[in-house]
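Take a look at the structure set out below.
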Amino acid sequence: MTATTTTTTADATTSAAPEAVPVKRSAAMIASIADPGVPTTSAPFGHALAALGERDQRVVGLTADLSKYTDMHVFAAAHPERYFEMGMAEQLMVGAAAGMAAVGLVPFATTYSVFATRRAYDFLCLDAAEPRLNVNIVAALPGLTTGYGPSHQATEDVAILRGMPDLTIFDPADALDVEAIVPAAAALEGPTYTRLLRGQVPRILDRYDYTFEVGKAKVVRPGDDAVIVSSGLMTMRALLAADTLSADHSVELSVVHCATLKPFDEATVVAQLDTDRTAFTAENHTVVGGLFETVAGALVRRGIAKQVNPIGLPDEFLDAGALPTLHDKYGLSTQSVVDRVLGALR
Amino acid sequence: MTTVEEHRTTVERERHARVADAAYEIRMGVLEQGEAQGEGYVGQALGIADVLAAVYCDKLKYRADDPEWEGRDRFLLSIGHYALASYAALAAAGVIPREELQTYAADGSRLPMSGMKTYTPGMEISGGSLGHGLGQAVGMALGLRVQGRDDQLVYNLLSDGELNEGSTWEAAMSASHWQLGNLIALVDLNGLQADGRTDDVLRLEPQEERWASFGWDVQRVDGNDLEAVLAALDHVTETAAAQGVPKVILCDTRLANGVPVLEAKDKLHFLRVAAEEWPIAKEQLTAGHREAQS
Ligand SMILES: Cc1ncc(C[n+]2csc(CCOP(=O)(O)OP(=O)(O)O)c2C)c(N)n1
Ligand SMILES: [Mg+2]
């Protein structure tokens, strides 16, 4: 099997095969994360929010000059009277969302992950989380999902937010997860943060016996040789890697998907790791302060000595460039996962 | 014998022609980078080309062969996405080789799509997150002054979208509090941001009154009228440090200025242009420049 990412199609740019065109086009802001052969759904968040808005008049949408880039424009078109363009003022947007929640509305507010976390942290913490308000931050470009460079690569968004009490953190794997998270977030009383996948979003979990549940990790795929605890788009990559490992290498990889990173389903994850299988975590995030350390903490707390191999981003500012190049370089591509698993089993 | 008056107008005419040539060169550099990627923030970059030409090729104190020279003026690009305009200006100023523009936004290039200090000689700050420039400019202007170096000027180019951010106004207030006469803000009022027209996203006017009430010396010019831009810059540099008042030049610019095929497009925040349109764009730019010269 060849590296899957070199032919990734992008919705804002087309990247040709590298051998044909030496200068790869930059991912610009928005690049597709769909591997070849994986079907996609267009703007699942926008459509799910518009549908929720039909059923629940309290639902409102806010954005900070990024409605088109966060799929919020779908909600805006469906419910213009409940859509608020707040301008490129992320702190204001989060504060105002808290204000709306305080008077009985259910706000969903969008921007990019970097700005929601690095810029607006204080406002999310004190205005929304401490009063336990129903403020739902839906943040595009989590982790490494743009080639635009460190200003837009939210490699540490979970690390920033995990320490915030009462915040629920979702890391959807695909369009189905995104669609399920929208009503679930509205139904939760407190604040939520969702690592949004936007645009043409891959759809893969419908191939498995899986349903999203708040706060639950799920064994999406069983496997006797190795086990990978993953979240976000790395669950998609892990599932595709598992197919390759099974077909080409007779290795059966189990995939445990954590769509909710906080509160974390320690019981399920620890039970899966406390076996003699070779273990991995896989996250679209720096290895500092995210899924790997969450898992490590859960094991240590129970006195379980188990080696876990972290697949994730290095603790550094990442390059700018074309996203497929970067996913190969930093080990998030499907082929990289295959290689890591084979390397550890060898 | 030429009179003093005639000599002065000749000098002015030559200066104007030199800056106009630089603006043409910058616009061509922008188109070359746009063509290399097939897309990009081309409209903004063409719109701000005249301002950059005036700053880089008439005003800014720097050494092309030594971009880190201590005695230089600072030019801070707040708006990382305008990087291709800065790269073209840096090429026109001789800081980076002109051919390098071909690598814009390619893997491994020193010219990433979003401008960053760590990648490119002559870039003073790492942009991409908007609303960071003016605060750093305050620090540089103040820092130079306490070291007795306020003959060195600090320029910050902002976009109108950046006027949405509270941080910009925190810095604006601070600049007048600290009486930073060596600080010059250039604001590109192109009327556009990511979700649409600034008027629809977040109303910004009245701009002159807002900056003036924050204690700034305010001028508003047509940012695509070189004469007006140069005159405004002359005013700020002549009255710079001594006066103790920060200066802002509000520049009304037209997106894709100088290239009619691109001006006609409507989704101008991020332009996607068909391969066959780039040569047309370049021809139009050259034709327009020739006409203006004659
Ligand atoms: C803090 C921050 N929020 C959001 C963005 C995403 N963003 C990039 S450009 C842009 C529009 C900003 O307005 P302006 O610079 O005037 O846009 P332009 O004139 O280039 O269309 C936005 C919202 C960003 N880069 N930084
Ligand atoms: Mg603008």
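Of all residues in the range B:249-281, count the ones that are in a helix (DSSP H, G or I), open to solvent by 10 Å² or more (accessible area, probe 1.4 Å) and farther than 21 Å from B:G223 by Cα.
So the answer is 3.
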Original post:
Which residues, taken from the range B:258-281, are over 20 Å from B:V51 (Cα atoms) and away from ligand 2 (no atom under 16 Å from the Cβ)?
Top reply: B:V261, B:A264, B:R272, B:V273, B:A274, B:A275, B:E276, B:E277, B:W278, B:P279, B:I280, B:A281
Original post:
Based on what the data block shows, is A:A159 surrounded by fewer than 22 Cβ atoms within 10 Å (Cβ to Cβ), closer than 25 Å to A:H79 by Cβ and not assigned by TED's automatic domain parsing to the domain that holds A:L313?
Top reply: no
Original post:
at pLDDT below 95, outside the structural domain of A:S333 (by TED's automatic domain parsing) and under 22 Å from the mean Cα position of the chain (by Cα): does that describe A:Y112?
Top reply: no
Original post:
For the subset of the range B:198-213 comprising residues that are open to solvent by 60 Å² or more (accessible area, probe 1.4 Å) and closer than 20 Å to B:I184 by Cβ, which member is nearest to the other protein chains (Cβ to nearest Cβ)?
Top reply: B:R210
Subject >> the range B:194-220, residues that are in contact (Cβ under 8 Å) with a residue 24 or more places away in the chain and within 16 Å of ligand 1 (Cβ to nearest atom) >> reply: B:A194, B:T198, B:V201, B:L202, B:L204, B:Q207
**OP:** Could you grab the pairs with beta carbons closer than 6 Å, sequence gap of 6+ or different chains, first residue in the range A:168-181 and assigned to a helix (DSSP H, G or I), second one open to solvent by 10 Å² or more (accessible area, probe 1.4 Å) and among the small types (G, A, S)?
**Re:** A:E179/A:A48
**OP:** Consider only pairs whose beta carbons are under 7 Å apart and that are at least six residues apart or on different chains; among these, list those whose first residue lies in the range A:63-74 and is under 18 Å from A:L92 (Cα atoms) and whose second residue is in a helix (DSSP H, G or I) and within 16 Å of ligand 2 (Cβ to nearest atom).
**Re:** A:D65/B:G161; A:D65/B:N164; A:D65/B:V201
**OP:** Pull up the range B:175-193, narrow it to residues that are among the hydrophobic types (A, V, I, L, M, F, W, C) and open to solvent by less than 10 Å² (accessible area, probe 1.4 Å), then point me to the one that is nearest to ligand 1 (Cβ to nearest atom).
**Re:** B:V187
Original post:
Is it true that some residue in the range B:136-153 is within 13 Å of ligand 1 (Cβ to nearest atom) and open to solvent by less than 10 Å² (accessible area, probe 1.4 Å)?
Top reply: no
**OP:** Could you check how many residues of the range B:43-81 are surrounded by fewer than 24 Cβ atoms within 10 Å (Cβ to Cβ) and either closer than 24 Å to B:R197 by Cα or touching a Pro at 6+ places or on another chain (Cβ under 6 Å) (or both)?
**Re:** 1
**OP:** Identify the residue in the range A:310-333 that is open to solvent by 30 Å² or more (accessible area, probe 1.4 Å) and touching a strand residue (DSSP E or B) at 6+ places or on another chain (Cβ under 9 Å) and, among all such residues, is nearest to the other protein chains (Cβ to nearest Cβ).
**Re:** A:E316
**OP:** Determine if the range A:262-273 includes at least one residue that is surrounded by fewer than 16 Cβ atoms within 10 Å (Cβ to Cβ), modelled with pLDDT of 95 or more and assigned to a loop (DSSP other than H, G, I, E, B).
**Re:** yes
**OP:** With the condition kept exactly as written, say whether any residue in the range B:191-199 is within 16 Å of ligand 2 (Cβ to nearest atom), out of contact with any Cys (no Cβ under 8 Å at 6 or more places or on another chain) and within 26 Å of B:R72 (Cα to Cα).
**Re:** no
**OP:** Go through (1) more than 9 Å from chain A (Cβ to nearest Cβ); (2) among the hydroxyl-bearing types (S, T, Y); (3) open to solvent by 30 Å² or more (accessible area, probe 1.4 Å) one by one and return the number of the condition B:T168 breaks.
**Re:** (3)
Subject >> Within the range A:289-346, helices (runs of 4 or more DSSP H) holding 2 or more residues that are more than 21 Å from B:R110 (Cα to Cα) and within 22 Å of the chain's Cα centre (by Cα) >> reply: A:291-301, A:334-345
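What do you reckon, is A:R221 open to solvent by less than 40 Å² (accessible area, probe 1.4 Å), closer than 23 Å to A:A344 by Cβ, charged (D, E, K, R) and more than 16 Å from the chain's Cα centre (by Cα)?
yes
Kindly provide the set of residues from the range B:1-46 that are part of a helix (DSSP H, G or I) and of a type in the set (D, E), ordered by number.
B:E5, B:E6, B:E12, B:E14, B:D21, B:E25, B:E32, B:E35
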Original post:
Taking interchain pairs and intrachain pairs at least six residues apart, which have beta carbon atoms under 8 angstrom, with the first residue in the range B:157-172 and assigned to a loop (DSSP other than H, G, I, E, B) and the second within 9 Å of ligand 2 (Cβ to nearest atom)?
Top reply: B:D160/B:D188; B:D160/B:L189; B:D160/B:N190; B:D160/B:G191; B:D160/B:L192; B:D160/B:Q193; B:D160/B:T198
Subject >> Hits in the range B:94-119 - residues which are part of a loop (DSSP other than H, G, I, E, B), of a type outside the set (D, E), within 11 Å of another protein chain (Cβ to nearest Cβ) and over 11 Å from B:L77 (Cα atoms) >> reply: B:Y104, B:A105, B:A106, B:G108, B:S109, B:R110, B:L111, B:P112, B:M113, B:T118, B:Y119
Original post:
Any residue at all in the range A:160-170 that is more than 16 Å from A:S231 (Cβ to Cβ) and of a type in the set (K, R)?
Top reply: no
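The values are calculated or read from the model by the stated rules, or taken from the named source; none is laboratory data. The structure displayed is predicted, hence computed values, not measured ones. Using ideal geometry, Cβ is built from the backbone for each residue, glycine included, and neighbour counts are taken over all protein chains shown. With ligands, DNA and RNA removed, areas are computed over all heavy atoms of the protein, side chains included. Shrake-Rupley method; radii C 1.70, N 1.55, O 1.52, S 1.80 Å.
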